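To start, the structure itself, in structure tokens.
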Amino acid sequence: MSKEDLINSLNEDLAAELGTVIRYNYQAGKSYGILGTELREMFKDEIKDELGHARFLTDVIIDLEGEPVTIPKDFDKPNALRNMLELDLKMEEEDVKNYLKHSKEAEELGHIELKMKLEEMAADEAGHARVLRRLLKGI
Ligand SMILES: [Fe+2]
Ligand SMILES: [Fe+2]
């Protein structure tokens, strides 16, 4: 594990965060009806969290003398609300796994603040996954 490997891992996370901001903004626009009203509120709240994650990752990558990515990770665009939320749940769960994996990489290189911050971000994503599971129960 080198500093470059860690920068690559963090750039993967950053592309995922940028993709999530765009995905949630897109999905909010596609949310209609009574359920849509609740979804729009949820997306609005979570966009703030994801943007905060993206900002943090950008700063850390620059501190490590890397070049932060500016191209978001691509995503599927299902039309039905249920499929949309299932996709989001899958991607939030993937983010949890990646942050936990990358926190170990940060620890290996002695970046303790980064390790703990990435664990905290894993917990944020696990919280987002929990909200999505609750919403999916009601559909
Ligand atoms: Fe995030
Ligand atoms: Fe999230």
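Sorting HIS53, HIS111 by the number of Cβ atoms found within 10 Å of their own Cβ, with the fewest placed first, yields HIS111, HIS53.
Divide by every residue of the chain the summed helix terms, -39500 (n - 2.57) for each DSSP H run of at least 4, and state the resulting mean residue ellipticity at 222 nm, rounded to the nearest 500 deg cm²/dmol. The partial results should precede the final answer.
Details: 4 runs with 112 residues, N = 139.
The helix contribution divided over the chain gives -29000 deg cm²/dmol.
Within the same chain, lysines fewer than 8 places from LYS44 are excluded, and of the rest, those with a Cα less than 30 Å from its Cα are LYS30, LYS73, LYS77, LYS90, LYS97, LYS101, LYS115, LYS117, LYS137. When you restrict to C-alpha pairs under 8 Å that are six or more residues apart and normalise by the size of the chain, the relative contact order lands at 29 percent. Once the Kirkwood radius over Cα pairs is known for the stretch 1-42, the Stokes-Einstein relation at 20 °C and 1.002 mPa s delivers a diffusion coefficient of 178 µm²/s.
Taking loop as defined by DSSP and a crowding limit of 12 other beta carbons within 10 Å, which chymotrypsin sites (Phe, Trp or Tyr not before Pro) in the stretch 1-53 fit? Don't jump to the answer; show the numbers that get you there.
On the way: sites: TYR24, TYR26, TYR32, PHE43; in loops: TYR32.
Within the stretch 1-53, the qualifying chymotrypsin sites (Phe, Trp or Tyr not before Pro) (loop, at most 12 other Cβ atoms within 10 Å) are TYR32.
Taking the three principal axes of the alpha carbon atoms in the chain, the coordinate ranges are 48, 25, 20 Å, sorted in descending order.
Where a number appears in this text, it was derived from the coordinates with a stated rule and is not lab data. If you're wondering where the values come from, they're calculated on a predicted model, not measured in any experiment. With ideal geometry, Cβ positions are generated from the backbone for all residues, glycine too; neighbour counts draw on all protein chains shown.
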